[in-house]
Amino acid sequence: MKEETPDYIGHRQRLKERFKLGGGQDMADYEMLELLLTLAIPRKDTKPLAKALVKEFGGFAEVLFAPDDRLMTFKDLKESSVLVFKIVRESALRMSWQKLSATEAPVLTSFDSIMEYCRAASGYKEREEFRVIFLNAKNRIIGEEVQQRGSVNAVAIHPGEVMRAAVLKGATALILVHNHPSGDVTPSRADIEVTRKIEGALSAVDIRLIDHFIVSKNLVYSFNDHGLLMKR
């Protein structure tokens, strides 16, 4: 007797056809996750798992950027599936960074893109981290560095280390970035004080601080926009 084809096979094929036709723009977050999960789980209905992930984390991006240990609490999610998420996530970040760093235009002309990259790169982290983006004399990006990683509500930032890294990189300007996992991007008193110290240290070696972004999943706070940097 011929074995019946599982119902999810037809559903999966229809999803693939929809993606081919529309590029996924008309698909719900859980449907996009279904397709990704089929790469690692080819012989099982991935719809229930995809819906459970979206319900738990809130959306497609939130699932992709979720910590491995939280993802692995789902019994149907294996390491191969988490690896697929990581590949997609890092591919998106790499494309965004390469587009920014390859442009000949000054970074000031694409500030929205810079802020979006910073939000994606750091905003989903569950612990604070401190990132530095280096610029040359023409305000073009020449590199980045994650200098410190901290706790859920604090990260150590050392002005001297920032200055040394900038000098070694040959940078003439910097953008600082750190995240607030709480989602509230309002700078603390400590954030403001350490930014002023960094700005003073950089000024001593004629390096400009273009901005300091505090980011979360959905928000970006600009020190420059709020008048918290020296006018130079």
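The values are calculated or read from the model by the stated rules, or taken from the named source; none is laboratory data. Note that the structure is a prediction, hence the values are computed from the model and not measured. Cβ sites come from the backbone with ideal geometry, for glycine too, and all protein chains shown count toward neighbours. The accessibility values were calculated without ligands, DNA or RNA, using every heavy atom of the protein model including side chains. Shrake-Rupley method; radii C 1.70, N 1.55, O 1.52, S 1.80 Å.
Could you tell me which residue out of 92, 141, 182 lies farthest along the dipole of segment 54-186 toward its positive end? Charges go on the beta carbon: Lys and Arg +1, Asp and Glu -1, centred on the Cα centre.
141
If the chain between residue 168 and residue 145 were fully stretched, how many nm would it gain, using 0.36 nm times the residue separation less the Cα-Cα distance? Walk me through the intermediate numbers first.
Working: separation 23, 0.36 × 23 = 8.28 nm, distance 1.21 nm.
Extending this stretch completely gives an extra 7.1 nm.
For the chain, give me the percentage of DSSP beta bridges that are antiparallel, rounded to the nearest 5 percent. Provide the component values of the computation, followed by the final result.
On the way: 16 of 23 bridges.
In the chain, approximately 70 percent of DSSP beta bridges are antiparallel ones.
May I ask you to derive the FRET efficiency for residue 155 and residue 14 from their Cβ-Cβ distance with R0 = 45 Å, giving the value to the nearest 0.05?
According to the calculation, E is roughly 0.45.
Calculate, in nm to one decimal, what residue 226 and residue 112 gain on full extension: separation in residues at 0.36 nm each, minus their alpha carbon distance.
Details: separation 114, 0.36 × 114 = 41.04 nm, distance 1.58 nm.
Full extension from residue 226 to residue 112 adds 39.5 nm.
Students often get this wrong, so check it: of 99/138; 20/86; 51/75; 138/197; 20/99; 20/55, which have C-alpha atoms separated by over 20 Å? Can you show the working numbers first?
Working: 99/138 17 Å; 20/86 23 Å; 51/75 14 Å; 138/197 24 Å; 20/99 25 Å; 20/55 26 Å.
Violating the 20 Å Cα-Cα cut-off are 20/86; 138/197; 20/99; 20/55.
Given a 1.4 Å probe and heavy atoms of the protein chains only, how would you sort 205, 162, largest accessible area at the top? Walk me through the intermediate numbers first.
Details: 205 65, 162 0 Å².
Descending order: 205, 162.
Relative to the Cα centre, what is the charge dipole magnitude of the chain, using +1 at the beta carbon of each Lys and Arg, -1 at the beta carbon of each Asp and Glu, and rounding to the nearest 20 debye?
340 debye
Ordering 197, 86 by accessible area with a probe of 1.4 Å, largest first, what comes out?
I get 197, 86, largest accessible area first.
PRE reach from residue 103 (point 7 Å along Cα→Cβ): which of segment 213-228 fall under 19 Å by backbone N?
The answer is 213-214, 220-225.
How many nm is it between the label spots at residue 206 and residue 126, if each spot is 7 Å from the Cα in line with the beta carbon?
4.7 nm
For a bin width of 5 Å, list the pair-distance distribution of the chain built from all Cα-Cα distances, rounded to whole %.
1, 6, 13, 15, 16, 13, 10, 8, 7, 5, 3, 2, 1, 0, 0, 0, 0
Just how far, in whole angstrom, is segment 90-152 from segment 15-45 if you go by their alpha carbon centroids?
29 Å
Under the classification rounded if a/c is under 1.5, otherwise prolate if a/b is larger than b/c and oblate if not, where does segment 125-232 fall, given a ≥ b ≥ c as square roots of the Cα gyration tensor eigenvalues?
On the way: a/c = 1.67, a/b = 1.48, b/c = 1.13.
Verdict is prolate for segment 125-232.
At 30 angstrom or more along the helix axis (alpha-carbon based) and mean Kyte-Doolittle of 0.0 or higher, what helices does the chain contain? Whole DSSP H runs only. Before the final figure, lay out the partial values.
On the way: long enough: 79-102 (33 Å, 0.19).
Qualifying helices: 79-102.
How much of the accessible area of segment 141-226, probe 1.4 Å, is carbon plus sulfur, in whole percent?
Details: 2010 of 4130 Å².
Taking all protein chains in place, segment 141-226 shows 48 percent carbon and sulfur surface.
By the gyration tensor of its Cα atoms, with a ≥ b ≥ c the square roots of the eigenvalues, what is the shape of segment 136-190: rounded for a/c under 1.5, prolate for a/b over b/c, or oblate? If you can, show how the numbers build up before the last one.
Numbers: a/c = 2.51, a/b = 1.89, b/c = 1.33.
It comes out prolate by the Cα gyration axes.
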